[in-house]
Amino acid sequence: LLAEKSGADSVTIHLREDRRHIRDYDLINIKKKLRIPLNLEIAPTKEMLNIAIKNKPNFVCIVPERRKEITTEGGLNLQKNKKFLKNMILKLKSSKIRVSLFIEPLLPIVESAFLLGADCVELHTGSFSNSFNKKKKQLAKVSYYNLKVCAEHAKGFGLEVHAGHGLTYGSVFALSKIKDISEFNIGHFIVAESLFVGMKTTIKKFKSIINK
């Protein structure tokens, strides 16, 4: 609610299978009170599909999950359980929920996302963010190029393009130059920076960087 009040365009919550981030009650409560769009991140499982259909968030982003990770560490393997993924996407869209797939910025994966029937792809910006933050210019350049080409490719298929993971003021400023990216999902940095300057200031600064 504070994020909403501070000018956020939407809020992303991740209901993990082990419920270590938020719990079912949090999803119900947030959905009831939030006035801006709610983006629910879930793993590709039958349980999560049923929860999403029951609670009807505005958006769903399907992400991979591993028990030992602190946060999502990579894109979905779209070849694994392809039939289930396609069916899951179809059921979510039938419930009028926009569906995004969290993927690595690789051209064949973008095409697979399109063939599975997704509305959007969220490009994993982890590699770019890490090399950008560590000032590894050559690696950052390669990662940036991959993101740019994949964004163009996805847009060509009619997919909406989002980006997220490990983003900061600096990395978002660089990626905001890619015109085909229409949405940035930023979590950890906003919350951490807000401890020092408040959520309103942090969100306002990000929005001014993105809209420059």
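Of these, Asn58, Asn39, which one is closer than 20 Å to Val161 by Cβ, at pLDDT 95 or above and in contact with a Pro (Cβ under 6 Å, 6 or more places away or on another chain)?
The match here is Asn58.
If a residue has to be touching a residue at least 40 places away in the same chain (Cβ under 8 Å) and open to solvent by 80 Å² or more (accessible area, probe 1.4 Å) to count, how many in segment 77-95 make the cut? It would help to see each step written out before you state the result.
Restricting attention to segment 77-95, the residues satisfying the condition of being touching a residue at least 40 places away in the same chain (Cβ under 8 Å) are 84-85, 88, 91-92, 95.
Right, trim to open to solvent by 80 Å² or more (accessible area, probe 1.4 Å) and you get 91.
Matching residues across segment 77-95 total 1.
List, please: which pairs have Cβ atoms under 8 Å, are six or more places apart or on different chains, and start with a residue in segment 110-128 that is free of Cβ contacts under 8 Å to residues at least 24 places away in the same chain and end with one that is among the small types (Gly, Ala, Ser)?
So the pair list comes out as Ser127/Ser143.
So, in segment 159-181, exactly how many residues are closer than 18 Å to Asp119 by Cβ and either among the small types (Gly, Ala, Ser) or part of a helix (DSSP H, G or I) (or both)? Steps first, answer last, please.
Taking segment 159-181 first, the residues closer than 18 Å to Asp119 by Cβ are 159-164, 180-181.
Now drop any that are not either among the small types (Gly, Ala, Ser) or part of a helix (DSSP H, G or I) (or both), which leaves 163-164.
Number satisfying all stated conditions: 2.
Is there a residue being in contact (Cβ under 8 Å) with a residue 40 or more places away in the chain and over 19 Å from Asn211 (Cβ atoms) anywhere in segment 165-173?
In the first step, residues of segment 165-173 are kept if they are in contact (Cβ under 8 Å) with a residue 40 or more places away in the chain; the result is 165-167, 169, 171.
Restricting the remaining residues to those that are over 19 Å from Asn211 (Cβ atoms) gives 165-166.
There is at least one residue in segment 165-173 that is in contact (Cβ under 8 Å) with a residue 40 or more places away in the chain and over 19 Å from Asn211 (Cβ atoms).
Kindly indicate the residue of segment 169-196 that is buried (at least 19 other Cβ atoms within 10 Å of the Cβ) and β-branched (Val, Ile, Thr) and also farthest from Val142 (Cα to Cα) among those meeting that condition.
Within segment 169-196, the match that is farthest from Val142 (Cα to Cα) is Ile186.
Could you list, ordered by first residue, the pairs with Cβ atoms under 6 Å in which the first is in segment 29-42 and free of Cβ contacts under 8 Å to residues at least 40 places away in the same chain and the second is part of a loop (DSSP other than H, G, I, E, B) and surrounded by fewer than 18 Cβ atoms within 10 Å (Cβ to Cβ), at least 6 apart or interchain?
Ile36/Ser10; Pro37/Ser10; Pro37/Asn58; Leu38/Asn58
Could you check, for segment 69-76, whether at least one of its residues is open to solvent by less than 60 Å² (accessible area, probe 1.4 Å), among the polar types (S, T, N, Q) and part of a loop (DSSP other than H, G, I, E, B)? Reasoning before the result, please.
First pass over segment 69-76, keeping only residues open to solvent by less than 60 Å² (accessible area, probe 1.4 Å): 69, 72, 74-76.
Narrowing further to those that are among the polar types (S, T, N, Q): 72.
After this cut, where a residue has to be part of a loop (DSSP other than H, G, I, E, B) as well, the list is 72.
Within segment 69-76, one or more residues are open to solvent by less than 60 Å² (accessible area, probe 1.4 Å), among the polar types (S, T, N, Q) and part of a loop (DSSP other than H, G, I, E, B).
Every residue, every condition in (1) touching an Asp or Glu at 6+ places or on another chain (Cβ under 7 Å); (2) in contact (Cβ under 8 Å) with a residue 24 or more places away in the chain; (3) aromatic (Phe, Trp, Tyr), yes or no:
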site: Cys150; (1), (2), (3): no, yes, no
site: Ser176; (1), (2), (3): no, yes, no
site: Ser182; (1), (2), (3): yes, no, no
site: Leu195; (1), (2), (3): no, no, no
site: Met199; (1), (2), (3): no, yes, no
site: Phe206; (1), (2), (3): no, yes, yes
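Report, by residue number, each residue of segment 1-31 that is in a loop (DSSP other than H, G, I, E, B) and open to solvent by 30 Å² or more (accessible area, probe 1.4 Å). Step through it out loud before you land on a result.
Looking only at segment 1-31, we keep the residues that are in a loop (DSSP other than H, G, I, E, B), and these are 1, 6-10, 15-23.
Across segment 1-31, the qualifying residues are Leu1, Asp9, Ser10, Glu17, Asp18, Arg19, Arg20, His21, Arg23.
The values are calculated or read from the model by the stated rules, or taken from the named source; none is laboratory data. Predicted model only: the values in this text are computed from it and were never measured. Positions of Cβ are generated from backbone atoms using ideal geometry, with glycine treated the same way; all protein chains shown enter the neighbour counts. Areas reflect the complete protein model, heavy atoms only, side chains present, ligands, DNA and RNA absent. Shrake-Rupley method; radii C 1.70, N 1.55, O 1.52, S 1.80 Å.
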